[in-house]
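Notes for the one structure printed next.
Readers should treat all values here as calculations from the given coordinates under stated rules, not as data from a laboratory. Note that this is a predicted model, so its numbers are computed, not measured. Virtual Cβ from ideal backbone geometry, glycine too; neighbours counted across all protein chains shown.
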Amino acid sequence: MSRRLLIGYLVAAVALAAAPRFLDAYQVDVLNSVGLYVLLALGLNLILGDAGLFNMGHAAFYAVGAYTAAILNTRLGLPILWAMPVSGLLAALFALLVARPVVHLRGDYLLVVTIGLGEIVRIALINDVFGLTGGANGIFGIARPVIFGQKIRKPDEFLYLIWGFVAVTVFLFHRLEQSRFGRALTYLREDPVAAEGSGIDTVRYRLMAFALGAAWAGMTGSIYAAKMTIISPESFSFWESVVVFLMVILGGSGSIPGVMVGAAIVVLMPEVFRDLATARMLVFGLVMMVMMVVRPQGLLPWRAVRFRRKDAERAEAAR
Amino acid sequence: MSALLELRQVTKTFGGLTAVDDIGFDVEAGLVVGLIGPNGAGKTTTFNLITGNYRVTKGTIQFEGRPLTSLRTNRIVRLGIARTFQNIRLFQQLTALENVLAGRHCRTSAGLLAALLRTPGQRREERGAVERSLAELDFVGLAGRGLVLAKNLPYGDQRRLEIARALAADPRLLVLDEPAGGMNEQETDQLVGLIGRIKARGITVLLIEHDMSLVMRACDRIVVMEYGKKIAEGTPEVIQKDARVIAAYLGTEAP
C-alpha cells in the first residue's frame, strides 16, 4: 500500500470517528448508509472490478444475507452478530449454486443472467418461499446487535459497527490484492484465454470471486437487517444492484479506494441536491453521463501491482 | 520407451471443414521439433488440440503416456505443457513481472485463507515466486524490465515475455506458436540462441514457424503439414530436399 493511500485512509478514519460530534443523527445515518454501500461495492468489486464478471444481481446476495440473519434472529433467537457469518456463508453457497451453470458466459450475457437472478430472488421473497420470508411485508422485529453487553441502537453506535467492518474489509481486501488469489482474478479479467493457457483454472476462480463477493454482501445484509429491524423485498430491488454496479464503475473498477469514493458519491450526491427535490435525480443522471464520457476509467483508477514490491526489491538486490 | 508427446490419427473437424486430418507424429524428449507448412495447413489447430483449447474429433494425444484428450487447458499446463500464442496474448495492462507470475500460478498453492491471513508459508511462497519470475525474465533477456507494463514493451520483447511466462510454469514441453513472428533478423538470431538455451535446460520444444532460417537452425526434427495432413517428417537436411515439401511451398510446374 502506498504512503499516500495510507494517509488517506487514516484521515478518513479520524474524520469518521469524530463525525458524531459534529453531525446530527440524520447525517450520521447517511454516513451509515454510505458504509453499507461501501461494503456492497467492495464485494462487487471482487466480482466486477477484479475478475471482470458483469454481475448486475448483487442485491440477490445482499437479500439472502439479510433474510438469513432476520429468520435466524426472529425464529431461533440467534443474536444478529452470530448470524452474520451464517449469512455470509449462505450467500456464498447460494452464489456458487446459481453461478455454476452460467459462469462461463461472457460480459453482456452474464449481465442479463444476473439481472434475472436478482429478480427471481426478489419475487421469491414476495411470494413467501418456504413460508419463512413474510411475503411482501417482510420480516419485523429483528433484534439489535449486542457487543460486549452494549446494545447497538443509535446511529452513532451503528457508525462504529459499520465502519469498523469496513476497516477490516479494506485491510483484508488489500491483502488479497497482492496475493496469488488476487492475481488470478486479475489475469482472468485481462484475458481469460491467456489465463487458462498459463495454468489458471478460470472456472474455479470465477466461482470463488462470486462466492467471496456474495459472502460480503451477505454479511452486509445481516448488518442492514439489524440496523433496520424490518426488512422487506423492496429493499433488494433491481435498482439496488444497479446502484452498486454504478459505484464500482464510477469510482474505478478494481480500485479499493476508488469504489469507496464511488459509493460515497452515489449516496451523498442526492442528499446534497435534496433542495432540488425531484430534479435531483436528473442532476445525478447527468453527472453520471458526463463522468463516463470524460473519465471512463473512474474517479480514482488506482491500480496496485499484484505482488509485494518488497519481494521484488529483495530479489533484485540478491542477484 | 515412448516419446514425450504422441499424436495418433488425430482429426479435427469444424462443421464440414477438416482442419486436421489423421495426423500422427511423436515428439521425443530433449529435442526441438518444428511444425511447418503453408498458411491454413492446420498447424495452429494442431497446437490448440495439444494444449486443450480445442477438443479432438478423433484420435488420441498422449503426454508421457497419459491421454490429454479430455483435459482442460489449465490441467494440461499443470501436467507440463506450456505455450505461447500466435498473436501475442499477454496481460497488456499488467507489468512484465505480473505476467510471468501468472505462469508460476500452477506451481504454487496458497489459497484464499492463506492470502487473507498472510501466513508465513504464503509469504515464503510469494517471495519464491517473485524470485523465480525475475530469474525467468533474466533468462529471456528482459532483466530489469519487470516493472514495465507489458503493453509498453517493444514487440520482440513481448514475444520473449510470453516465453518467460510459459517457462515459469516449469514445463517439460514448451509449445511456441510462431515465436519469430514480426521479429527482425537480429531478434530472430537472439531467439535461436534462446531456444538453444531452453533445450539445454532439458525442456523439449515444439514450434510452429514460417521463418525457414530459424527452423533450419533451431530444429532437430521437422514435421510438415499441408491441407491438414502430414506430408513429410525428418531432419532439416532431409526436409529441405523432400520433393513434396518443395512442391507444397513453391508449387509444382504444370506438366
Item to check | ³J(HN,Hα), Karplus 6.51/-1.76/1.60, whole Hz, each residue of the stretch A:31-38, x for Gly, Pro | outcome: 4, 5, 4, 4, x, 5, 5, 4
Next on the checklist: Can you compute the charge dipole magnitude of chain B about its Cα centre, using +1 on each Lys and Arg Cβ and -1 on each Asp and Glu Cβ, nothing else charged? Give it in debye, rounded to the nearest 20.
Outcome noted: 1120
Checklist entry - With springs only between Cα atoms under 10 Å, which of B:LEU147, B:LEU191, B:LEU173 fluctuates most in a Gaussian network model of chain B? => result B:LEU147
Checklist outcome for this item: In debye to the nearest 20, the charge dipole size for the stretch B:193-255, taken about the Cα centre with +1 at each Lys and Arg Cβ and -1 at each Asp and Glu Cβ, equals 320
Next on the checklist: Which one, A:GLY285, A:ALA318, A:PRO301, is farthest towards the positive end of the dipole of the stretch A:277-319 when Lys and Arg carry +1 and Asp and Glu -1 on their Cβ?
Outcome noted: A:ALA318
Item to check | Listed residue (A:GLY131, A:VAL121, A:ILE147) projecting farthest to the positive dipole end of chain A, Cβ model | outcome: A:ILE147
Checklist entry - Share of antiparallel DSSP beta bridges in chain B, in percent to the nearest 5? => result 55
Checklist entry - If we count other beta carbons within 10 Å of each Cβ, what is the order of B:THR95, A:THR229, fewest first? => result A:THR229, B:THR95
Item to check | Per-selection Rg to Rh, the stretch A:106-209 - Cα, Kirkwood hydrodynamic radius | outcome: 1.12
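Output the relative contact order of the stretch B:99-255, whole-number percent, from Cα pairs under 8 angstrom with separation of 6+ residues. Spell out each step's value before the answer.
Values: 163 pairs, mean separation 26.8, N = 157.
Computed over the stretch B:99-255, the figure is 17 percent.
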Checklist entry - If the viscosity is 0.890 mPa s and the temperature 25 °C, what Stokes-Einstein diffusion coefficient in µm²/s follows for the stretch A:226-287 when Rh is the Kirkwood radius over Cα pairs? => result 190
Checklist entry - By how many degrees, 0 to 90 and rounded to 10, does the Cα axis of helix B:155-167 deviate from the longest principal axis of chain B? => result 80
Next on the checklist: Let me make sure I get this right: for chain A, a, b and c are the square roots of the gyration tensor eigenvalues over alpha carbons, sorted descending. Under 1.5 in a/c it's rounded, otherwise prolate if a/b > b/c, else oblate. Which is it?
Outcome noted: rounded
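Placing +1 at every Lys and Arg Cβ and -1 at every Asp and Glu Cβ, with all other atoms neutral, what dipole size does the stretch A:92-244 have around its Cα centre, in debye to the nearest 20?
Dipole size: approximately 440 debye.
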Checklist entry - Which one of A:SER232, B:LEU161, B:ILE195 has its Cα pushed farthest toward the positive end of the charge dipole of the protein assembly as shown, where Lys and Arg give +1 and Asp and Glu give -1 at the Cβ? => result A:SER232
Checklist entry - Hey, got a sec? Which trypsin sites (Lys or Arg not before Pro) in the stretch B:200-255 land in a DSSP loop and have at most 16 other Cβ atoms within 10 Å? => result B:ARG201
Checklist entry - Once both axes come from the Cα atoms, what is the angle between helix B:120-139 and the longest principal axis of chain B, in degrees from 0 to 90, rounded to 10? => result 40
Checklist outcome for this item: Inter-part gap, Cα centre of the stretch B:66-111 to Cα centre of the stretch A:1-75, in whole angstrom, is 35
Checklist entry - Among the DSSP beta bridges whose two residues both lie in the protein assembly as shown, what percent are antiparallel, rounded to the nearest 5? => result 60
Checklist entry - What chymotrypsin sites (Phe, Trp or Tyr not before Pro) does the stretch A:141-206 have in DSSP loop regions with at most 13 other beta carbons within 10 Å? => result A:PHE148
Checklist entry - Cβ under 15 Å from B:SER2's Cβ, B:SER2 left aside: what net charge do those residues give with Lys, Arg +1 and Asp, Glu -1? => result -1
Next on the checklist: Using only the Cα atoms of the stretch B:143-255, what semi-axes does the equivalent ellipsoid have when each is the square root of 5 times a gyration tensor eigenvalue? Give whole Å, largest first.
Outcome noted: 31, 16, 12
Next on the checklist: Please give me the summed charge of the neighbours of A:LEU5: other residues whose Cβ is under 12 Å from its Cβ, Lys and Arg +1, Asp and Glu -1.
Outcome noted: +2
Next on the checklist: Run the Debye formula on the Cα coordinates of the protein assembly as shown, all scatterers equal and no solvent, and tell me log10 I(q)/I(0) at q = 0.06, 0.08, 0.10 1/Å.
Outcome noted: -0.39, -0.64, -0.89
Next on the checklist: Please compute the contact order of the stretch A:202-319 in relative form: average sequence separation of alpha-carbon pairs under 8 Å and at least six residues apart, divided by the residue count, as a percent.
Outcome noted: 25
Checklist entry - Considering amide H positions built from the backbone, and no H for Pro or chain starts, which residues 5 or more places from B:ARG118, or on another chain, come under 5 Å of its amide H? => result none
Checklist entry - How many lysine pairs does chain B hold where the Cα atoms are under 25 Å apart and the two sit 8 or more places apart or on different chains? => result 14
Checklist entry - What is the stretch B:11-102 by shape, rounded, prolate or oblate, if you read a ≥ b ≥ c off the alpha carbon gyration tensor as root eigenvalues and call it rounded for a/c under 1.5, prolate for a/b larger than b/c, and oblate otherwise? => result prolate
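Summing Lys, Arg as +1 and Asp, Glu as -1, what charge do residues with Cβ under 11 Å from the Cβ of B:ARG55 carry, B:ARG55 excluded?
Working: positive: B:LYS12, B:LYS58, B:ARG72; negative: none.
The answer is +3.
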